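Participant: This is the structure I have questions about; it appears just below.
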Amino acid sequence: MNIILLGPPGAGKGTQASRLEAERGMVQLSTGDMLRAAVAAGTEVGLKAKAVMDAGDLVSDVIVTGILSDRLDQDDVASGFILDGYPRTATQAESLERLLEEKGMKLDYVIELVVDEDALVDRITGRFSCAVCGEGYHDRYKRPTVEGTCDVCGSHQFKRRPDDNEETVRNRLAEYRAKTAPILPHYEARGLIRRVDGMAPIAEVNEAIEAILDGH
Ligand code: ADP
Ligand code: ZN
């Protein structure tokens with residue numbers, strides 16, 4: 001099963017993708033994480049991407065598609081992938097189509113997380129993650145069970161993304177509205193879209209997605 005999780009920044013794509021990964025052995029493909037890893041490693045691609053990402057803008061299609069293509073060639077994606085944060089533009093949607101065709105892969109569902117925009121700024125400015133294993137948390141909605149200790153790996157180090165501030169979030173939401181939302185009708189026409197209420201608590205959103213994947 002290969003799916004795309006689509007929705008504005010803060011909708012819960014990363015949160016749901018990591019649950020599906022843990023529960024179903026699917027592979028989460030976050031182009032944002034791949035790019036941030038390239039930035040941290042100081043690779044050529046990373047250096048190009050850094051300035052653009054710090055401003056909340058979109059990295060060029062060529063760079064992102066190249067990173068994704070390499071990732072799709074690794075063996076683990078055979079157990080099913082979850083694309084999280086890609087495609088973001090009509091051009092990327094077309095590139096994805098070509099990539100999948102070339103590699104003999106297909107999409108089963110595009111799951112849209114539907115959320116209220118006011119909630120997004122609140123979610124994004126409150127989010128942080130474990131610096132060691134990457135588990136996601138939130139100041140109000142998902143605190144570690146033991147304060148200051150990661151539930152998953154026990155680390156005491158956490159980090160926040162530099163672009164998770166209100167000004168950048170507003171810019172990313174505008175980008176989503178202008179460039180990403182317009183690709184929904186394309187998937188709609190192919191009968192791939194399934195809508196899920198992303199305002200529900202994390203566990204309920206997860207159940208709704210599981211039901212779709214189980215074909216209910
Ligand atoms: P995205 O990957 O779509 O940008 P995230 O998965 O990082 O979004 O979620 C943004 C923040 O909101 C995270 O801190 C996460 O813990 C929190 N969050 C995610 N889903 C929900 C939800 N259904 N209810 C409340 N908070 C949520
Ligand atoms: Zn951890």
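The values are calculated or read from the model by the stated rules, or taken from the named source; none is laboratory data. It should be emphasised that the depicted structure is a prediction, and the values quoted were computed from it without experimental measurement. All Cβ positions, glycine included, derive from the backbone under ideal geometry; neighbour counts span all protein chains shown. When the accessible area is computed, the model is the full protein with side chains, heavy atoms only, and any ligands, DNA or RNA have been set aside. Shrake-Rupley method; radii C 1.70, N 1.55, O 1.52, S 1.80 Å.
Participant: Connecting C-alpha atoms closer than 10 Å in a GNM of the chain, tell me which of 156, 138, 186 has the biggest fluctuation.
Facilitator: 156
Participant: Viscosity 0.890 mPa s, temperature 25 °C: Stokes-Einstein D of the stretch 94-166 from its Kirkwood Cα radius, in µm² per second?
Facilitator: Translational diffusion coefficient: 163 µm²/s.
Participant: Under unit Cβ charges (Lys, Arg +1; Asp, Glu -1), what dipole magnitude, rounded to 20 debye, does the stretch 72-216 have relative to its Cα centre?
Facilitator: The calculated dipole for the stretch 72-216 is roughly 340 debye.
Participant: For the chain, what does the relative contact order come out to in percent, with C-alpha contacts under 8 Å and a separation of six or more?
Facilitator: 30 percent
Participant: Same structure again: Enumerate the lysines that residue 106 could reach by cross-link, defined here as Cα to Cα under 26 Å, with residues fewer than 8 away along the same chain left out.
Facilitator: 13, 179
Participant: Which of rounded, prolate or oblate describes the stretch 151-211 when judged by the alpha-carbon gyration tensor and an a/c cut-off of 1.5?
Facilitator: oblate
Participant: Work out how far the C-alpha atoms of the stretch 30-148 reach from end to end along every principal axis, then list the three figures in whole Å, largest first.
Facilitator: Principal extents (Cα only, largest first): 46, 34, 29 Å.
Participant: Note down the relative contact order for the stretch 137-216 as a percent, whole number, built from C-alpha pairs under 8 angstrom at least six residues apart.
Facilitator: Dividing the mean separation by the residue count of the stretch 137-216 yields 10 percent.
Participant: Something else about it: Taking Cα centroids, how far is the stretch 18-35 from the stretch 60-129 in Å?
Facilitator: One Cα centre to the other: 10 Å.
Participant: If each DSSP helix of 4+ residues adds -39,500 (n - 2.57) and the sum is divided by the residues in the chain, what number results at 222 nm, nearest 500 deg cm²/dmol?
Facilitator: Only helices count here, giving -13500 deg cm²/dmol.
Participant: Place a point 7 Å from Cα of residue 41 in the direction of its Cβ. Which residues in the stretch 70-113 have their backbone N less than 18 Å from it?
Facilitator: It comes to 70-77, nothing else.
Participant: With a 1.4 Å probe and every protein chain left in place, work out the accessible area per residue of the stretch 65-216 in Å², rounded to a whole number.
Facilitator: Per-residue accessible area for the stretch 65-216 comes out at 53 Å².
Participant: Another question, if that's okay. State the percentage of accessible surface on the chain attributable to carbon and sulfur atoms; use a 1.4 Å probe and exclude ligands, DNA and RNA.
Facilitator: Solvent-exposed carbon and sulfur of the chain make up 52 percent of the total.
Participant: Multiply the residue gap between residue 178 and residue 101 by 0.36 nm, knock off their C-alpha separation, and tell me the result in nm, one decimal place.
Facilitator: Full extension from residue 178 to residue 101 adds 25.0 nm.
Participant: So what's the net charge close to residue 117: Lys and Arg +1, Asp and Glu -1, counting the other residues with Cβ under 14 Å from its Cβ?
Facilitator: Counting the neighbours of residue 117, the net charge comes to -1.
Participant: Here is a follow-up. Would you work out if the chain is rounded, prolate or oblate? Take a ≥ b ≥ c from the square roots of the eigenvalues of the alpha-carbon gyration tensor; rounded if a/c is under 1.5, else prolate when a/b is larger than b/c, oblate otherwise.
Facilitator: Since a/c stays below 1.5, the shape of the chain is classed as rounded.
Participant: Taking the alpha-carbon set of the stretch 55-120, what are its Rg and Dmax in Å?
Facilitator: Values for the stretch 55-120 (Cα only, Rg and Dmax): 13.5, 40 Å.
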